[in-house]
Amino acid sequence: MSYFPVMIQLEKEPVLVVGGGKTALRKVKILLGFGAAVDVVAPRVQPELQEMPIGLQKRPFQPGDLEGKSWRLVVAATDDRAVNRAVSEGCQALGIPVNVVDDPELCTFIFPAIVKQQDVVCAVSSGGHSPLVAQWVKRRVQQVLPKEIGAVNEAMGRYRKAVQMEEKDPARRKKKLKKKLAELLAPYTDQ
């Protein structure tokens, strides 16, 4: 099954991660990188999680945890399939998007392999079939993208605002934007 790609704004949005192991730690790092307000519920946690700017409750998951906040997303990352299933079923009953790590059947969304350079984000999915394939494609994308693409994007954003204010004709505005982008990317294109 193919998953529809959606970019969702998580800045300051509440996200629950159930689990405290290495996989949960990786997911928390990704979510924090997008500005999410992460809470973790787990009886045991990786020491690094205790140092992170997250809400941390060292205890087993309880179904009521899903009703405590208006969760934007929930991630189940435990090594207990029964707990993961309970999280998934609870989220689905409440209409909360849920990811159960390494169990696509219990997911309503999956984590893609992510390439992020400032606000430029590329997501690669294998539909949950093979994370290794997604990682391989991610590495290829990283090889092709200029390391400065985030800075190019920021410059284009500033230029676009100026052009929108001064140029009212959409065709001329688009032509100016294309020209500016070509100038900014010229140092990185294959000659």
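GluC sites (Glu not before Pro) within the range 7-77: which are DSSP loop residues with at most 13 other Cβ atoms inside 10 Å?
Details: sites: E11, E48, E51, E67; in loops: E11, E51.
Hits after loop and neighbour filter: E11, E51.
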What's the extension gain from Q92 to A171 if we count 0.36 nm per residue and subtract their Cα-Cα distance?
23.9 nm
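Can you flag which of K12/K175; K138/K161; K29/K58; K27/K58; K147/K175 are past 27 Å Cα-Cα?
Values: K12/K175 37 Å; K138/K161 31 Å; K29/K58 18 Å; K27/K58 17 Å; K147/K175 25 Å.
Listed pairs above 27 Å: K12/K175; K138/K161.
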With all protein chains present, calculate the accessible area of K58 using a 1.4 Å probe and round the result to the nearest 10 Å².
120 Å²
To the nearest 10 degrees, how steep is helix 170-185 against the longest Cα principal axis of the chain, on a 0 to 90 scale?
80 degrees
Cross-link reach list, aspartates and glutamates versus K178, counting only Cα pairs under 13 Å and skipping chain neighbours closer than eight places
none
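Do the sum for the chain: with -39,500 (n - 2.57) for every DSSP H run of n ≥ 4, divided by all residues, what is the mean residue ellipticity at 222 nm, to the nearest 500 deg cm²/dmol? Each step should come with its number before you reach the end.
Details: 6 runs with 78 residues, N = 191.
When only DSSP H runs of four or more count, the value is -13000 deg cm²/dmol.
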Take R44, project a point 7 Å from its Cα along the Cβ direction, then tell me which residues of the range 80-124 have their backbone nitrogen under 13 Å from it.
80
State the label only: which of [x] 208; [y] 162; [z] 118 corresponds to volume of the Cα convex hull per residue in Å³ computed from the shown model?
[y]
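At a threshold of 8 angstrom on Cα-Cα distance, excluding pairs fewer than six apart, so keeping six or more, what relative contact order does the range 58-191 reach in percent?
On the way: 125 pairs, mean separation 17.7, N = 134.
Value for the range 58-191: 13 percent.
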Highest to lowest packing among 138-149, 28-39, scored as the average C-beta count within 10 Å
28-39, 138-149
What residue among N99, N153, N84 shows peak mean-square fluctuation when the chain is described by a Gaussian network model with Cα springs under 10 Å?
N153
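The values are calculated or read from the model by the stated rules, or taken from the named source; none is laboratory data. Just so it is clear, the model here is predicted, and its values are computed rather than measured. Here Cβ is always computed from backbone atoms with ideal geometry, including for glycine, and neighbour counts include all displayed protein chains. Surface areas here come from the heavy atoms of the whole protein model, side chains and all, with no ligands, DNA or RNA. Shrake-Rupley method; radii C 1.70, N 1.55, O 1.52, S 1.80 Å.
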